Structure formats: C-alpha cells, structure tokens
Amino acid sequence: MASVLTSLANKLARRLSDTQVPSSVRFDVDGPPRNSLLRRQSVAAESFDPEKDSDDNNEEERQIYPKSDSQRARLTNAVKEILLFRCLDEEQKSRVIDAMQEMKVKEGDVVIKQGDDGDNFYVIESGTYDIYVKQNQSTEEKIGEKVGSYNGHGSFGELALMYNTSRAASIIATTDGILWLMDRNTFRRIVLKAAFHKRQTYVELLEDIPLLKELSSYERTNVADALQSRVYQDGATIISQGETGKEMFIIESGTVRISVKENSKEVELSRVGKGAYFGELALITKRPRAASAYAVGETKLAVLDVASFERLMGPCLKVMQRNIDTYEKQLTELLGN
C-alpha cells in the first residue's frame, strides 16, 4: 500500500510541476528535493491508508467553515482550473470548499517560510506573491533569490503535504490579497483518497476493454491516472461531426448515441454502453470528427486528452487502425459513398 500511495503522490507532483508557475521554478517552490525523495516516503504513504479510511469515521473530523454565497462562488471559480482537483466529483469539491478558510494577507506578509513544516495548502483568490529560494541554508541571507511569482491565481503548498519534507521556498505577498487554505489532514483525506479510488476505478474499467489488452498493467495504470471524469445530461452533445478531435472517451456509465449527418438528415449508427470507447478516430487520422455523439440519459465518461492519448496509447494503434477500417466500411455500406 505504501508503494501505491508513493506512486500516486509522485505522479501528482510531476503533473503539478508543469502548472500555474513556470516549469523552471515550480518544483523549487514546494516540492521535495530529489535526494529527499530517496530518503523518505510520502506523508500519505507513512500514515494514511485510503482503503482503511472510512467516510463514516471522517464525519466527526470533517471541517466546515461557514461561507456566504458570494464567497463560495468566488472560491469555486478559483479552484475550478486547478489540476489537483480534477479527480474530485461534485460532492468532494463541495467538501473541499467547506473545509477552506479565508486568509487575508497584507503586502509584505510571509505566507510560507523556507524550512518550515508544511501544514496547509493554499488557493489564491487575489493578490500577487513572490517566490524566494535560499540555495544555502547556512548563509545569512534572509529570504534568498526570487525565482518566480503568482499573479492573482493558482495554488501552492500541496507537495509539502504529500511528502514528509519542509517547505523548500518562501512565499511573500507583494500586494494585499485573499488566500483560501486547507489543512494537511483534510487535504489528504479528500484529495489523495479521491486520487487513489479514481485510479482503482479506472484500472478496473480499462481491464475490461479488449483494445487495451495490448497495454501492460503499468501502461494501463498510466492511462488510468491520465483520465478525467465528465458527466453529460440526457440529450447533451458530447462531440459534433466536423469538429476537430481533441479527446477520446470511454463510457463509465450510461448510454451514448452515435449518429452521422448525410444530406441534412441525421442517421443513427449505434448506441453503446459501459466499457465502449469512441472519439479515437479523429485523434489517429488527424481528420475532423466523422460522427456526432449524444448522451442518452445521464452519462458518465472517462476522458483522455489528445496529448495523453499520443503519449500512452501507442501499443494500441494497430488495433485502432483495424477498427477504423471496419468503421469506414460500415459507413460506406450505410450511406452509399
């Protein structure tokens, strides 16, 4: 179990390292030094097991800080683009927002000090914040060299909560601003637990898809970690014929209707359910979408973006190409051209 959680924390760290702050400085802001990764396991792996962590037991520990409607709206807007929260469902996002405390800062306030223990995760609502790193802790310099900044949005502090390490940078407010903070325990119980169960759910889903038998267990796990969940209501358009393809879809639950338009008339080709996938044709051929897809009833999909598709699905391309040839033959028989 420890190795599984360490792997999850490492993957979250790598994905977060490319977001919100220039890549040249992001890992220095908050992440564990590479040599410390070899010496120490993640905090999650040391003391938190999501399989044994019961939601019922957590109700007593659940933190709820009252917020006005306007505060919830502002916070919801602030967190919606943070990669870290993409594995959360709506209920989990609501719990995250409940657990966050507002923190007003003044120009010059030290939000995080290099060398301190990591205790909170921060989401920026407003204000600007500079990042400083001391390359040598034994020197007399107070804050070190400026290596980057946040300007009115983003988040910081998450990686020190995943790993048993101290803060690797100082962050100082350069204007007045508002931050939202979440404590270590809540972060781990909601965010890391959600990441763990997301991986389990998607690995099980992928194991039942014949196409992905071409992938090794490790490769399927990588695909599972890259998937994002999305819900469509009855009748909603998932993809439209003629548009540029940017994602592949796997059905978690519900039904999808596949249709093509010919001479201004839409013809239904098929309806597919759990475990079926679609949208890969445009990603392989680089051509516009050949069909439209609509949700039939509430439908939950696992979504793989084009960058992840190209990086992870290589072993399956030959099988996909055969499927495309069959699909195009069926279209020709149906439409006559």
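If you go through region 138-183 and keep only what is of a type in the set (D, E, K, R), modelled with pLDDT of 85 or more and within 24 Å of the chain's Cα centre (by Cα), you end up with ARG167, ASP183.
There is no residue in region 173-184 that is of a type in the set (Ser, Thr, Tyr), buried (at least 22 other Cβ atoms within 10 Å of the Cβ) and out of contact with any helix residue (DSSP H, G or I) (no Cβ under 7 Å at 6 or more places or on another chain).
Take the conditions (1) in a loop (DSSP other than H, G, I, E, B); (2) at pLDDT below 80; GLN135 misses just one of them, which is (2). Contact annotation: residue pairs with Cβ atoms under 7 Å, 6 or more positions apart or on different chains, pairing a residue in region 302-319 that is surrounded by 16 or more Cβ atoms within 10 Å (Cβ to Cβ) and part of a helix (DSSP H, G or I) with a partner that is among the small types (Gly, Ala, Ser) and at pLDDT 80 or above, are SER308/ALA226; LEU312/ALA226. The conditions of being closer than 22 Å to ALA307 by Cα, at pLDDT 90 or above and in the same structural domain as LEU304 (by TED's automatic domain parsing) are not met by THR221. Note on region 245-272: residues that are among the polar types (S, T, N, Q), assigned to a strand (DSSP E or B) and without any contact (Cβ under 8 Å) to a residue 40 or more places away in the chain total 2. For region 231-252, indicate whether the set of residues that are of a type in the set (Lys, Arg), surrounded by fewer than 19 Cβ atoms within 10 Å (Cβ to Cβ) and more than 25 Å from the chain's Cα centre (by Cα) is non-empty. Checked against the condition, which is being of a type in the set (Lys, Arg), surrounded by fewer than 19 Cβ atoms within 10 Å (Cβ to Cβ) and more than 25 Å from the chain's Cα centre (by Cα), region 231-252 yields no hits at all.
Look at region 204-215: where a residue is under 16 Å from LEU317 (Cβ atoms) and a partner is outside any helix (DSSP H, G or I) and at pLDDT 80 or above, sitting 6+ places away or on another chain with Cβ atoms under 6 Å, you get ILE209/GLY275.
The values are calculated or read from the model by the stated rules, or taken from the named source; none is laboratory data. Predicted model only: the values in this text are computed from it and were never measured. We place every Cβ from the backbone using ideal geometry, glycine too, and count neighbours over all the protein chains shown.
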